[in-house]
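Visitor: Once you've had a glance at the structure underneath, I'll fire off some questions.
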Amino acid sequence: MKNPIETERLLLRQLQMSDVDGMFELESNPNVHLYVGNKPITDIDQSRAYIEFVNQQYKDFGTGRWAVILKETNEFIGWSGIKFITHEINNHQNFYEIGYRFIEKHWGKGYATEAGKAFIDHAFNEMKVDAVYAYADEGNTNSRKILEKLGLQFVNSFEYEGERELWYEIKNPNV
């Protein structure tokens with residue numbers, strides 16, 4: 001796995017236990033969880049467990065969410081990346097999904113789009129996947145705009161875990 005990936009402003013790398021404080025700041029914020037189940041974490045041990053879980057995904061599937069580091073300050077500002085989903089969502093199973101989540105003070109600065117473009121490129125040119133999928137809560141206009149900026153196309157809406165979600169996909173143009 002190519003690691004790290006650099007963009008103009010960001011360093012994208014595998015999550016490390018040293019990211020635990022930033023991860024806790026991110027995942028404990030109720031605003032961050034507004035459209036992703038409304039279940040912010042309450043204890044830093046949950047951040048440690050999540051980092052361990054993602055590190056196991058790297059071993060099992062060769063991919064997972066990565067830390068997004070702001071090069072200018074070397075600060076953890078969130079996570080993004082390509083995750084392999086094994087359970088069924090919207091009649092899809094065993095697929096690659098792009099996702100992102102950022103500490104609130106870093107919203108609206110284009111970091112999700114910048115990281116996302118790098119990960120789409122990585123998925124198609126390094127991992128050689130056929131397609132990348134994503135879904136966003138129907139009410140999460142900002143996340144949906146990011147997916148569209150990344151080139152993902154709306155496919156359909158569906159119900160998932162009691163919420164109305166919108167399904168997106170982008171096909172690898174090289175396949």
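Visitor: Mind checking which aspartates and glutamates have their Cα closer than 17 Å to the Cα of Lys71? Skip sequence neighbours fewer than 8 apart in that chain.
Guide: Correct list for Lys71: Glu6, Glu8, Asp19, Glu114.
Visitor: Given a 1.4 angstrom probe, I'd like the percentage of the accessible area of the chain that is carbon and sulfur, rounded to a whole number.
Guide: Roughly 45 percent, rounded to a whole number.
Visitor: Let me ask something else. Could you work out the equivalent-ellipsoid semi-axes for the chain, taking the square root of 5 times each eigenvalue of the Cα gyration tensor, largest first, in whole Å?
Guide: Values: eigenvalues 100, 77, 54 Å².
Computed over the chain, the values are 22, 20, 16 Å.
Visitor: For the stretch 83-150, what log10 I(q)/I(0) values come out of the Debye formula at q = 0.17, 0.20, 0.22 1/Å, with one point per alpha carbon and no solvent?
Guide: One equal scatterer on each Cα of the stretch 83-150 leads to -0.67, -0.89, -1.04.
Visitor: Report ³J(HN,Hα) in whole Hz for each residue of the stretch 152-169, in order, from the Karplus equation J = 6.51 cos²θ - 1.76 cosθ + 1.60 where θ = phi - 60°; Gly and Pro get x.
Guide: Karplus values, whole Hz, x for Gly and Pro: 6, 10, 5, 10, 6, 10, 7, 9, 9, 6, x, 10, 8, 10, 10, 9, 10, 8.
Visitor: I've got another one for you. Among the listed pairs Lys83/Lys128; Lys105/Lys149; Lys59/Lys109; Lys105/Lys128; Lys59/Lys128; Lys39/Lys171, which have their C-alpha atoms separated by more than 23 angstrom in this model? It would help to have the intermediate numbers written out before the result.
Guide: Values: Lys83/Lys128 14 Å; Lys105/Lys149 21 Å; Lys59/Lys109 32 Å; Lys105/Lys128 34 Å; Lys59/Lys128 18 Å; Lys39/Lys171 32 Å.
Going by Cα-Cα distance, Lys59/Lys109; Lys105/Lys128; Lys39/Lys171 fall outside the 23 Å limit.
Visitor: Expected output is a single nm value to one decimal: the length gained when fully extending between Asn38 and Glu8, i.e. 0.36 nm times separation in residues minus the C-alpha distance. What is it?
Guide: Numbers: separation 30, 0.36 × 30 = 10.80 nm, distance 3.24 nm.
Full extension of this stretch gives 7.6 nm more.
Visitor: What is the local net charge at Glu114, summed over the other residues whose Cβ is closer than 12 Å to its Cβ (Lys, Arg +1; Asp, Glu -1)?
Guide: My count for the surroundings of Glu114 gives +2.
Visitor: Run the helix sum for the chain: -39,500 (n - 2.57) per DSSP H stretch of 4+ residues, divided by residue count, reported at 222 nm to the nearest 500 deg cm²/dmol.
Guide: Computed ellipticity for the chain at 222 nm equals -9000 deg cm²/dmol.
Visitor: Further, regarding this structure: List the residues of the stretch 121-154 whose backbone N lies under 15 Å from a point placed 7 Å from the Cα of Arg164 along the Cα-to-Cβ direction.
Guide: From the stretch 121-154, the list is 136-141.
Visitor: Another one. Given an 8 Å cut-off on Cα distances and at least 6 residues of separation, report the relative contact order of the stretch 57-175 as a percent.
Guide: Across the stretch 57-175, relative contact order equals 19 percent.
The values are calculated or read from the model by the stated rules, or taken from the named source; none is laboratory data. Please read these numbers as outputs of a predicted model, since none were measured by experiment. Glycine also receives a Cβ, built like all others from the backbone with ideal geometry; neighbour counts cover every protein chain displayed. When the accessible area is computed, the model is the full protein with side chains, heavy atoms only, and any ligands, DNA or RNA have been set aside. Shrake-Rupley method; radii C 1.70, N 1.55, O 1.52, S 1.80 Å.
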